[in-house]
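Everything on this sheet refers to the single structure shown next.
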Ligand code: KG4
Ligand code: ZN
């Protein structure tokens, strides 16, 4: 059995997790910074970096406390060291190196995007009902909820049942049949991958401009809604008419696996504020101060539904093309947008098994990094203590 401690700080979530054998999540703690960035309707890198510094230690301690383990029980320290915002990455990478060095444990740097694809085989689990006595640790908080932990921590215990059952029988979830097509759809990435295994992925398409999650966030801002916009538009879309407005679908060339969402975003902007001309340009707004007025409720729901339908149509068409190209036997979808209910329903139309993360593992988390590191740990494939934080992904065309 391998127990891996994971750290995530690539963007605006400070997270830590303990994962057993690459799939069983013993703890998964996430301090979201969404409130700090909400007034700017997007992540401000300097604010993110400072918040990581404040949140990191309480989050690490909480993850250990919830997993009911001590540092002696941990086999390796995993960290998402690429891609992401450099200031944010540096905080998590420095913490991981410090832990690895001071505890004498192996360090394993993983790719955040690849980890999103691994998230489909994670299973949540309550702390063991009969935990072993923890190894004494002077740094450890005394109770299951340590003092000083940010109030917006989200320790997840969603639907522990499948994992608990699996743990009793010792059976990990069945891995997807490979070759597979992977889609990572998040605030920072929209890309398609050809996978021969979780560890062997090649990029076959990516966005030429905005990521789909970014388009959700920007459209929500245009509509005077909060941040992050994805979950808000997802809820509104469920009550709207997707055919009420014909927003454009950008399929690019016939065989292209790339994406483009900026035209769709502009179409929503023009629909809401009118098409600008030299005589009447769009009024300039200060995102920190001028709040756009939301359209009336029914119109708001229809815009959300029509926008979401356009995103989903494009994603499904690109997935079909990628499946044909790769000769795929399954589809893996990860990233924040994989939580979208409309997308989840539409994916059922693909004639292949589709693997999606449990809701707690769709958005950024550290469990996916700890899970992905398990294979590297088994191979003895460790990172040096001078591991770099890098802004680009390891996965290449
Ligand atoms: O994976 P993630 O947590 O961070 C990145 O790596 O970017 O994804 C965050 C993105 C945000 O843009 C957010 O609006 C979007 O995922 N998102 C959603 C939903 N939940 C989160 N988009 C559409 N529908 C959702 N239910
Ligand atoms: Zn992510």
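Observations on the model:
- Taking every DSSP beta bridge that has both ends in the chain, the antiparallel portion is near 60%.
- Taking the average, over residues, of other Cβ atoms within 10 Å as the packing measure, peptides 344-350, 47-53, 106-112 rank 106-112, 47-53, 344-350 from highest down.
- Here the simple spin-label model places points 7 Å from the Cα toward Cβ, and for residue 44 and residue 299 these points are separated by 3.1 nm.
- Packing-based ranking, highest mean first, of 217-226, 180-189, 313-322 given that Cβ atoms within 10 Å are counted: 180-189, 217-226, 313-322
- Across the chain, Cα pairs under 8 Å and at least six residues apart give a relative contact order of 26 percent.
- Between segment 354-382 and segment 62-128, the Cα center-to-center distance that results, in Å: 10 Å
- Stretchable slack from residue 243 to residue 270, in nm (0.36 nm times residue separation minus alpha-carbon distance): 8.0 nm
- From least to most packed, judged by other beta carbons within 10 angstrom and beginning with the fewest, 82, 249 follow the order 249, 82.
- Potential lengthening between residue 1 and residue 378 on full extension [0.36 nm per residue; Cα-Cα distance subtracted]: 134.7 nm
- For the chain, a Gaussian network of Cα nodes joined below 10 Å ranks 200, 258, 124 by mean-square fluctuation, and the top entry is 200.
- Subtracting the Cα-Cα distance of residue 345 and residue 313 from 0.36 nm times their residue separation leaves 10.3 nm of extension gain.
- The alpha carbon centroids of segment 290-324 and segment 329-344 are separated by 15 Å.
- When the chain is treated as a GNM with alpha-carbon contacts under 10 Å, the residue of 260, 27, 280 showing the greatest mean-square fluctuation is 280.
Every number in this text was worked out from the coordinates using simple rules, so none of it is lab data. Remember, predicted model here, so these are calculated numbers, not experimental data. Because the Cβ atoms are built from the backbone with ideal geometry, glycine has one as well, and the counts that use them run over all protein chains shown.
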